[in-house]
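Reviewing the structure listed below.
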Amino acid sequence: MNICSIINIMQNGGGDIMKKIFKLKGLDCPHCGAKIEKAAGSLDGVAAAAVNLINQTLTIETDGNYSGDIFAAVEKIVHTHEPDVEVSAYETRVKTSNEVSSAKREVIQLSIGAAVYGAGLVLTHFTSLHKYIILAVLAAAYIILGGSVVIRAVKNILKGRIFDENFLMTVSTIGAFAIGEYPEAVAVMLFYQIGEFFQDMAVKRSRGSISALMDIRPDSANVQRNGHIQTVSPEEVRIGEIIIVKPGEKIPLDGIVADGVSMIDTSALTGESVPRSVKKDDEVLSGCVNGSGVLMIEVKKEFHNSTASKIIDLVENAASRKAPAENFITTFARYYTPVVVVLAVILAVVPPLLFGEQWTDWIRRGFVFLVISCPCALVISIPLTFFGGIGRASRKGVLVKGGNYLEALNKVDTIVFDKTGTLTQGVFDVVRIAAANGFTDKEILQYASKAESLSTHPIARSIERASGEKSDNSGLTGYKEISGHGIAVTDGDTEIAVGNEKLMRRFEITYESCDDPGTKVYVGVNKKYAGCIIISDKIKDDSQKAIAELKSIGIKKTVMLTGDSEQIAASVAGAVGIDEYYAELLPDQKVEKLEQLDNMKSGKIAFVGDGINDAPVLARANVGIAMGGLGSDAAIEAADVVLMTDEVSKLCDAIKTARYTKRIVMQNIVFALGIKGAFLLLGAFGVAGMWTAVFGDVGVMIIAVLNAMRILKK
């Protein structure tokens, strides 16, 4: 069952938990999103609530105790915090002309307000007009620029919500008007709106960096039915049907090429720009773009289980899982704003009352203090940085399921690898045949292939490939698959035994033990030893380089866990440079070994795997990393990070992106808090005026947002 299936169950039944997703059109403020999330999560009967700013969605999980109208409750909460945001049931859609027009109106309004303000400054400094005329011009500019802010502040106050950025901006600017600092009051609102514009632009950029992946969603599928080609929705295509994909079209569903040769563009899934050649019997994944030839593809997965559908779901839900730094900033802002408002009041009132100071001067200092104190720089830039980091990783072919996992990657100091399909290709090949007692290599392969012809094990397939022909199993009798030993079968009057050393001893066949690294398959014919087939799994081309690079970027220990033999494990570990290895482990033993390793290290531990049997270990690790190209659905869904190619080197990209993201987050936290702290002191002592306060608020926010956007260019 994949993630989409789980969501469907949670939406339509299958337990007490029900999930609903709402579209919040026009929500671009991380601070407001955090407030909506908190308010929705505190509703009676709501188990969890998560705002996804990238997709402008709110996901609500209700338990069996909720019996009200959830849509009405959500709409009320959203409009309490953001009256202009439209609430609707979620559905995937493209940007509408109304959204584009709204963005244009905001730019026009900002431009007009700035122009009127500029005219007011000219009248102030270069004419001798009556001050009330100048005041009227500046007031008009203030209304154009800040009218919506004041209205929101009043509405929030009436609803009992006082301490937010709208309140801070309204009180400080109206106060500046009251003490005669007219140009400064309008400047605060102008630059606040400029900061909001940069915020919206940055959010859209971050959203676009991730939502570009939504382009992999196929619009239709051309399916062959009753001798005709029908264009239908991908959801209507069944497993086993043949779809036709023309050059330039997206592959709508996962499948196997039934006919045709082409080059396909996999960059949307893997981040790799080099096209891949495909031919008959090759696997192709939905979301790739067909390049040159027409392909006929036999569908192997329904749409909700397809690669494109799973990736879309992973990306859409990534922003809902917040990093500790994001949660800290949200909590910090909740308590920080009321505290600074109280301090501003104390600053404005106490000196005049107790020490006889001038009211005008200290009230001005209080308003300056309010302007500087607005926490927008942190509240906006930190989520943007994580959005950007997730988007950057996505473009490199690494899907990170949330900011919390991106941050956790920074603390990983031990990485544990599965062997087969992770460090090795998972493709078994015959590398040598040790013939004995007059048998030839060809005869040994023929006997082994015939005995293994009824098995679906990868080793059986590798022997069949090496023999060069498909064995005829029509005459086989007495087929026995002996667990932990091998296969015994009779072909006419010929008895064939194929397996390990235990099987040879069981049938009392005198054999010669083989010391070559790899999986050994011993072959006996009519109680006589014929020889040994050595089968080996090839190491991936980038495994050694990836392990070396991981060590170079500070990973302290690399470990390999495998169910293979001690000899094979030692050979692979030595070849790729693994520090420690543990062999002959069952899936539950892998979990036990991981727990032992977890207790021995100081940082976090990551596990990298690709198979169904890796799912328990992936879930147990601090960070589970799945190989997504050929990995199993179970492994991908149990993991926190998915490498969309089967290249181990992508793990290095993921860790580097995580560290770069963390570095920008820390830069913004230190910069914003440091500058604001200094400016608050300057404002309290009367050194900083309203213009300085504007920079202390809006200037710091713009710099922090621009710094956050660097992750998109890295």
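The values are calculated or read from the model by the stated rules, or taken from the named source; none is laboratory data. Model, not experiment: these values are computed from the prediction. Don't worry about glycine lacking a Cβ; one is built from the backbone with ideal geometry, like all the others, and counts go over all protein chains shown. Note: areas computed on protein heavy atoms with side chains; ligands, DNA, RNA excluded. Shrake-Rupley method; radii C 1.70, N 1.55, O 1.52, S 1.80 Å.
Results, tabulated for the structure shown:
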| quantity | calculated |
| --- | --- |
| V122 paired with N327, simple spin-label distance in nm, labels 7 Å along Cα-to-beta-carbon | 5.5 |
| Virtual paramagnetic centre 7 Å along Cα→Cβ of D361, amide N under 18 Å, in the range 180-198 | 180-181 |
| Mean separation of Cα contacts under 8 Å (6+ apart) over length of the range 553-605, as relative contact order % | 34 |
| Gain on full stretching of the segment that runs from N473 to D259 - 0.36 nm per residue minus C-alpha separation | 74.2 nm |
| Estimated [θ] at 222 nm from DSSP helical runs (n ≥ 4, -39500 (n - 2.57)) normalised by residues in the chain, nearest 500 | -16000 deg cm²/dmol |
| Relative contact order (%) - the range 615-714, alpha-carbon pairs under 8 angstrom, separation at least six | 19 |
| Extension gain, R334 back to M666 (0.36 nm per residue minus Cα-Cα distance, nm) | 117.5 nm |
| Between 0 and 90°, nearest 10: helix 30-41 axis offset from the chain longest Cα axis | 70 |
| Shape box of the chain [Cα atoms, principal axes, largest first, Å] | 117, 62, 52 |
| Carbon/sulfur fraction of accessible area - the range 641-685, other protein chains in place, 1.4 Å, % | 74 |
| Rounded tilt (10° steps) of 70-81 against the dominant C-alpha axis of the chain | 40 |
| With every protein chain in place, the range 503-615: carbon and sulfur % of accessible area (1.4 Å) | 47 |
| Heavy-atom accessible surface of the range 325-483: percent carbon and sulfur, 1.4 Å | 57 |
| Over 25 Å between alpha carbons, listed pairs K76/K155; K131/K159; K155/K401; K20/K250; K538/K590; K419/K604 | K131/K159; K155/K401; K20/K250 |
| Label-point gap, in nm, between V107 and R395 - each point 7 angstrom along Cα→Cβ | 2.2 |
| Computed over the chain: relative contact order in percent, which uses C-alpha pairs under 8 Å that are six or more apart | 13 |
| Global geometry of the range 644-708, whether rounded, prolate or oblate, following the gyration tensor of its Cα atoms and the 1.5 cut on a/c | prolate |
| Residues with amide H under 5 Å from that of I482, placed H, sequence gap 5 or more | I487, A488 |
| Pairwise label distance in nanometres, D541 with F197, each label 7 Å out on the Cα-Cβ vector | 4.9 |
| Too-long pairs where the Cα-Cα distance tops 29 Å, listed order kept, from K411/K593; K650/K713; K35/K662; K470/K650; K411/K713; K450/K520 | K470/K650 |
| Residue-normalised accessible area of the chain, given per residue in Å² at a 1.4 Å probe | 43 |
| Rounded to the nearest 20 debye, dipole of the chain from Cβ charges on Lys, Arg, Asp, Glu | 2240 |
| Gain on full stretching of the segment that runs from F685 to R276 - 0.36 nm per residue minus C-alpha separation | 140.6 nm |
| Crossing angle, helix 566-576 versus the chain [Cα axis fit, 0-90 degrees, rounded to tens] | 50 |
